[in-house]
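**Student:** Can you keep this structure in mind? I'll have questions shortly.
The values are calculated or read from the model by the stated rules, or taken from the named source; none is laboratory data. All figures in this text were calculated on a predicted structure; none of them were measured in a lab. Neighbour counts run over all protein chains shown; Cβ positions are idealised from the backbone, glycine included.
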Amino acid sequence: DRVKYLVSFLVLIIHFRPLSDYNPIIDFSSAQIVSRIAVPFFFISSGYFIGVNGLNKENVIKSFKKNFKLYCVWTLLYLPISILFFMPVFNNILVNFTVLGFYYHLWFIPALLFSLFALFILSKYFKPLSITIIAFIFFFIGVFGDAYYGLLPKGFLLDTMNQFLQIFRTTRNGLFFGFLFVSLGYLIQKTQIQNRIRVRYAWIGFVFSYLLMFVEMGLLMTYTVPFEYNMYFSIIPTTFFLLIICLHYPSSENSQDYRIKSGIIYFSHFIVYYFMYGLFSLLNLNFILNSSLGRYSIAVIGSILFSNFVLTQKKKNKKWTSYLI
């Protein structure tokens, strides 16, 4: 939960690009490589706790209801912003609601719900390892609609992928992306493989895999043109070893507060940013708003303050907080 809290700020790096005013190489590396482990870690940790809580009909329905309610609330909160900025949210309502989300980051919940449902169905017929292999096959297909798009040969494969992207805009969704990490987290919990990997080797694997992400992206940028920068093969072992490391350092105290705050930061940071931006504009603090690092900073500070506020209100049993997290 503490790591989820920390990596939630990597999501803000992706969205606000704090170093874009200073160095394009470092900016690209921080946003498109370093920070790309954030969402996969959310997925893999969710998969792990699905295994902890039990993958049964009752728990799946309970989780589905909770996350669907959460999704509807945040969709309603972001819908005015989407309309205000003339985002094409009504062009394909079904796809936007079930796959893409009505704002940039809201796709995570439909992807998580799909992954949970797929895992539940397949668990009736396959073992966790087989499910993970099936999920990897879909991931392998999905990378060619993302970072490996430029490697598709002209013809049937490229035309088919273009038709898919024309409808769904991305392969970064539950089927091609989230499902693999959720099933991998579930596999780790069921096999307890962390008990067979020493923490020293987990750290070595994590660092090596993280460095491999730079190598992989360097090769892709040299020899092809990525469509997006979400799906690399090296993200898989990087996320895997990060979870293994976390499991080797169990918290001695309740870390639920960090889980709540990480969720609030993830879902609220755009709304918080627009509020902070308006406030700083009224205060004529444009020198901060004109800096990429300044914009990132107000997003981070505002998100921390808001997440702490929501957590405080939740502990006071304020009913409205249950709709946000």
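**Student:** Checking Leu55 against (1) in contact (Cβ under 8 Å) with a residue 12 or more places away in the chain; (2) over 25 Å from Gln192 (Cα atoms), which test does it fail?
**Tutor:** The number of the failed condition is (2).
**Student:** Would you please name the residue that is surrounded by the most Cβ atoms within 10 Å (Cβ to Cβ), looking only at residues in the stretch 223-254 that are of a type in the set (S, T, N, Q) and out of contact with any helix residue (DSSP H, G or I) (no Cβ under 6 Å at 6 or more places or on another chain)?
**Tutor:** Among those residues, the one meeting the criterion is Asn230.
**Student:** Can you find even one residue in the stretch 247-254 that is in a helix (DSSP H, G or I), out of contact with any strand residue (DSSP E or B) (no Cβ under 6 Å at 6 or more places or on another chain) and not hydroxyl-bearing (Ser, Thr, Tyr)?
**Tutor:** Yes - at least one qualifying residue is present in the stretch 247-254.
**Student:** Of everything in the stretch 3-27, what is over 12 Å from the mean Cα position of the chain (by Cα) and among the β-branched types (Val, Ile, Thr)? Give them in sequence order.
**Tutor:** The answer is Val3, Ile13, Ile25, Ile26.
**Student:** Separate question: Among the residues of the stretch 2-37, which ones are of a type in the set (D, E, K, R), assigned to a helix (DSSP H, G or I) and either without any contact (Cβ under 8 Å) to a residue 60 or more places away in the chain or surrounded by fewer than 19 Cβ atoms within 10 Å (Cβ to Cβ) (or both)?
**Tutor:** Result: Arg2, Asp27.
**Student:** Identify, from the list Phe227, Phe240, the residue that is part of a helix (DSSP H, G or I) and not polar (S, T, N, Q).
**Tutor:** Going through Phe227, Phe240 in turn, just one is part of a helix (DSSP H, G or I) and not polar (S, T, N, Q): Phe240.
**Student:** Moving on. If we scan the stretch 180-198, do we find a residue that is at pLDDT 95 or above, among the aliphatic types (A, V, I, L, M), in contact with a helix residue (DSSP H, G or I) (Cβ under 7 Å, 6 or more places away or on another chain) and within 18 Å of Pro110 (Cβ to Cβ)?
**Tutor:** Yes, the stretch 180-198 contains at least one residue that is at pLDDT 95 or above, among the aliphatic types (A, V, I, L, M), in contact with a helix residue (DSSP H, G or I) (Cβ under 7 Å, 6 or more places away or on another chain) and within 18 Å of Pro110 (Cβ to Cβ).
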